[in-house]
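A.B. asks: Take a look at this one; I'll ask things after.
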Amino acid sequence: QVQLVESGGGLVQPGGSLRLSCAASGTIFSIHDMGWYRQAPGKQRELVASITSGGSKNYADSVKGRFTISRDNAKNTVLLQMNSLKPEDTAVYYCNADVRPSLWKTTYAYWGQGTQVTVSS
């Protein structure tokens with residue numbers, strides 16, 4: 001079994017910063033892409049940022065220049081530094097990781113439980 005545990009959400013004023021963290025644990029042979037998605041009320045889940053095992057990054061246009069994704073392959077963690085937050089960034093943020101549990105198993109997409117980010121004055 002693989003678990004993704006997120007932390008770091010909360011309430012912040014517009015213009016503020018938050019840092020989200022996600023740690024993968026369990027039976028892990030390798031982790032490929034890791035990323036963060038978000039879902040606001042009444043909207044579909046959308047990609048915020050992703051990062052490959054080699055460090056290549058991809059961002060949604062709405063967060064470019066404000067959010068930074070990074071990962072520590074040795075610790076199986078992925079971070080999302082969020083600066084200059086806006087009310088429209090309010091959503092539940094989900095960690096995602098493409099994990100290969102063992103050499104004899106294929107890669108699966110795993111999800112964290114979600115962490116609430118609220119940007120409001």
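A.B. asks: State which residue pairs qualify: first residue free of Cβ contacts under 8 Å to residues at least 24 places away in the same chain and of a type in the set (A, V, I, L, M) and inside region 43-70, second residue part of a loop (DSSP other than H, G, I, E, B) and surrounded by 15 or more Cβ atoms within 10 Å (Cβ to Cβ) in any location, beta carbons under 7 Å apart, and separation of 6 or more residues or different chains.
C.D. replies: Close Cβ pairs (under 7 Å, with a partner that is part of a loop (DSSP other than H, G, I, E, B) and surrounded by 15 or more Cβ atoms within 10 Å (Cβ to Cβ)) amount to Leu47/Ala60.
A.B. asks: Same structure again: Could you tell me which residue of region 101-113 is surrounded by the fewest Cβ atoms within 10 Å (Cβ to Cβ), considering only residues that are without any contact (Cβ under 8 Å) to a residue 40 or more places away in the chain and not hydroxyl-bearing (Ser, Thr, Tyr)? Show your work before the answer.
C.D. replies: Keep residues of region 101-113 that are without any contact (Cβ under 8 Å) to a residue 40 or more places away in the chain, which gives 104, 106, 109.
Filter again for not hydroxyl-bearing (Ser, Thr, Tyr), leaving 104, 109.
Working: Trp104: 7, Ala109: 11.
Here the answer is Trp104.
A.B. asks: Restricting attention to region 101-121, and to residues there that are part of a strand (DSSP E or B) and under 17 Å from Asn76 (Cα atoms), which single residue is farthest from the chain's Cα centre (by Cα)?
C.D. replies: Of the residues in region 101-121, the ones part of a strand (DSSP E or B) are 108-111, 115-119.
After this cut, where a residue has to be under 17 Å from Asn76 (Cα atoms) as well, the list is 108-111.
Working: Tyr108: 16, Ala109: 13, Tyr110: 12, Trp111: 9 Å.
It comes out as Tyr108.
A.B. asks: Considering only residues that are open to solvent by 40 Å² or more (accessible area, probe 1.4 Å) and more than 14 Å from the chain's Cα centre (by Cα), which ones fall in region 75-100?
C.D. replies: Lys75, Asn83, Ser84, Lys86, Pro87, Glu88, Arg100
A.B. asks: Just to confirm my filter: which strands (runs of 3 or more DSSP E) fall fully inside region 1-74 and include at least 3 residues that are not small (Gly, Ala, Ser)?
C.D. replies: By residue number, 2-7, 18-26, 30-39, 46-51, 57-59, 67-72.
A.B. asks: If you scan region 27-38, which residues turn out to be at pLDDT 95 or above and either loosely packed, with under 13 Cβ neighbours inside 10 Å or farther than 25 Å from Ser53 by Cβ (or both)? Give the steps one after another, and end with the answer.
C.D. replies: The first filter runs over region 27-38 and keeps only residues at pLDDT 95 or above, leaving 31-38.
Result: no residue meets the conditions.
A.B. asks: So which residues in region 1-24 are at pLDDT 95 or above, open to solvent by 40 Å² or more (accessible area, probe 1.4 Å) and over 26 Å from Ser84 (Cα atoms)?
C.D. replies: Matches in region 1-24: Gln3 only.
A.B. asks: Another question, if that's okay. Can you tell me which residue among Val78, Val92, Val48 is modelled with pLDDT of 95 or more, hydrophobic (A, V, I, L, M, F, W, C) and in contact with a helix residue (DSSP H, G or I) (Cβ under 9 Å, 6 or more places away or on another chain)?
C.D. replies: Numbers: Val78 fails: in contact with a helix residue (DSSP H, G or I) (Cβ under 9 Å, 6 or more places away or on another chain); Val92 fails: in contact with a helix residue (DSSP H, G or I) (Cβ under 9 Å, 6 or more places away or on another chain).
After ruling out the rest, the residue left standing is Val48.
The values are calculated or read from the model by the stated rules, or taken from the named source; none is laboratory data. Remember, predicted model here, so these are calculated numbers, not experimental data. Positions of Cβ are backbone-derived with ideal geometry, glycine not excepted, and every protein chain shown enters the neighbour counts. Just so you know, the surface numbers come from the protein's heavy atoms only, side chains and all, with ligands and any DNA or RNA stripped out. Shrake-Rupley method; radii C 1.70, N 1.55, O 1.52, S 1.80 Å.
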